[in-house]
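Working notes, beginning with the structure itself.
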Amino acid sequence: MDLHIPAAEHAFRDEVRSFLADNLTAEIREAGRLATSVFADAGLAMAWQKILHARGWAAPHWPEEHGGPGWSISQRAIFAEELVRAEAPPLVPMGLLMCGPCLIGCGSPEQQAHYLPRILSGEDFWCQGYSEPGAGSDLASLQTFAEIDGDDYVINGTKIWTTYAHHANRMFGLVRTSREGKAQSGITFLLLDMNTPGITVEPIVGLDEIPEQCQVFFDNVRVPRSNRVGEENQGWGVAKYLLTFERGGAEYAPMLGIQLARVKQFAACQKIAGGRSLMQDDLFSYRVARAEIDILALEFTENRIKSELGAGKSPGALSSMTKILGTELQQKVTELAVDALGAQALIWQPRAIEPGSTLPAVGPEYATTAMARYLNARATSIYGGSNEVQRGIIAKMVLGL
Ligand SMILES: Cc1cc2nc3c(=O)[nH]c(=O)nc-3n(C[C@H](O)[C@H](O)[C@H](O)COP(=O)(O)OP(=O)(O)OC[C@H]3O[C@@H](n4cnc5c(N)ncnc54)[C@H](O)[C@@H]3O)c2cc1C
């Protein structure tokens, strides 16, 4: 195996590092350092997207003809690593990672021309209207109904767990347009303006006291028929296409590698019985090594997905695999962090980890976000399609069971 790293890749890494040093402001960096979920402070994440967009780097995974930078797989891996290393906040995924790639694959030329530049620039902030109170894993049972009236659909019903709906000015969502036949064959995929009369958004406050998810109500909401993606009653195919990007488009490995390296750093400072460091404890170092090996394996699979996406293909069931591995590893790494910190992880100080807060943190700085990250990581195996459901998809699509 040739392990030589080409000079061009070193030069690219230097270019990214110097861009980050010049453009990642202290305020935006703090939002990344303090982020305890895949979502950083919405305003600062969008400010960071605008800076990346000005350099043409907001969507490394998009095809060049739609505004991607045309990078190789290794360049994209380097970029993702350097962003995490520099503690840049993660970008809001609903537009760049979900709606954009879906419109590139399934949208009309008019929809692509209108929405894609606005997604890249951050002018539009998207949310995902799939789940309903009675439709989560069993998404096809959704009941929010859209009736045709002239050139419009008129929508009534409700969506729930809609992340950042209170910040969004756009929603991509699924509505029922027929109650005939199989549940999947009566669903339509629509693009909505969140400022349309009849839409009400009620934020839901989470365990961490932050309202991230919302319930959205639709009361005779009129949406032009031209906002439909794909054919009427064929939205299930569009929704599934988008979900492969939601599950497979995320790059877990670079972040996991760096988070685990941090766990190792502070475990090396934690003293255990006999004056040894926690990293010298056989069981703890074994758990770290297991996680390290799994992260490496995941990195290779993610690179395979990036190459499929780069060639304009959908990653299919591979995205279910990385969703399971990435989220379970996220949970393991956050568990290792909490175990390494012991009682220091228990200090509840949400105000101290708000970007811009001047409240001093109690305990070591690296301990302030560990518990919030641990708790938030429990949700990763639920959203984007629960991991049990992903295992079902692999059993069916890959193993033919
Ligand atoms: C933090 C967070 C953010 C979210 N953001 C959004 C968003 O922005 N937009 C959106 O539309 N939705 C969002 N969701 C909703 C999410 O997609 C659903 O929670 C998820 O699909 C599970 O649905 P449910 O909560 O109704 O649980 P259920 O479907 O009721 O599942 C309950 C349990 O049963 C298991 N189960 C269900 N069916 C099967 C099966 N066939 N085989 C094996 N096990 C099964 C599940 O794995 C789970 O353990 C979010 C959820 C969370 C937690």
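Look at the Cα gyration tensor of the stretch 250-397: its axes a ≥ b ≥ c give a/c of at least 1.5 with a/b over b/c, and that counts as prolate.
With the cut-off at 1.5 for a/c, could you classify the stretch 110-239 from its C-alpha gyration tensor as rounded, prolate or oblate? Here the stretch 110-239 falls in the oblate category.
Using alpha carbons only, how many degrees (0 to 90, rounded to 10) separate the axis of helix 318-341 from the longest principal axis of the chain? So the inclination is approximately 40 degrees. Computed from the Cβ-Cβ distance with R0 of 60 Å, the FRET efficiency linking residue 222 to residue 375 stands at 0.90.
Rounded to the nearest 10 degrees, the inclination of helix 109-121 to the longest alpha-carbon principal axis of the chain is 30 degrees. Here each label is just a point 7 Å from Cα along the line to Cβ, and for residue 354 and residue 108 those points are 4.5 nm apart. Annotation for the stretch 149-228: GluC sites (Glu not before Pro) lying in DSSP loop with at most 15 further Cβ atoms inside 10 Å of their Cβ are 180, 209.
What is the extension gain from residue 346 to residue 265, computed as 0.36 nm multiplied by their sequence separation minus the C-alpha to C-alpha distance, in nm to one decimal?
Separation in residues times 0.36 nm, less the Cα-Cα distance, equals 27.2 nm.
Does the chain come out rounded, prolate or oblate, given a ≥ b ≥ c as the square roots of the eigenvalues of its C-alpha gyration tensor, rounded meaning a/c under 1.5 and, failing that, prolate meaning a/b above b/c? Judged from the Cα gyration tensor, the chain comes out prolate (a/c at least 1.5, a/b above b/c).
Reported to the nearest whole Å, the Cα centre-to-centre distance from the stretch 72-97 to the stretch 215-234 is 32. Counting only alpha carbon atoms, the long axis of helix 252-269 and the longest principal axis of the chain meet at about 30°. Each part reduced to its alpha carbon centroid, the stretch 365-393 and the stretch 50-64 end up 27 Å apart. Using a simple spin-label model with pseudo-atoms 7 Å out from Cα toward Cβ, residue 285 and residue 7 lie 4.0 nm apart. Cross-link partners for residue 50 among the aspartates and glutamates, with Cα-Cα distance under 19 Å and sequence neighbours closer than 8 places in the same chain left out: 15, 22, 27, 30, 41, 64, 82, 87, 123, 124. The modelled label-to-label distance between residue 26 and residue 335, using points 7 Å beyond Cα along the C-beta direction, is 3.9 nm.
Read-outs: derived from the displayed coordinates by stated rules, not from any lab. The shown structure was predicted, so the numbers you read here are calculated from the model rather than taken from an experiment. A quick note on method: Cβ atoms are made from the backbone with ideal geometry, for glycine too, and the neighbour counts reach across all protein chains shown.
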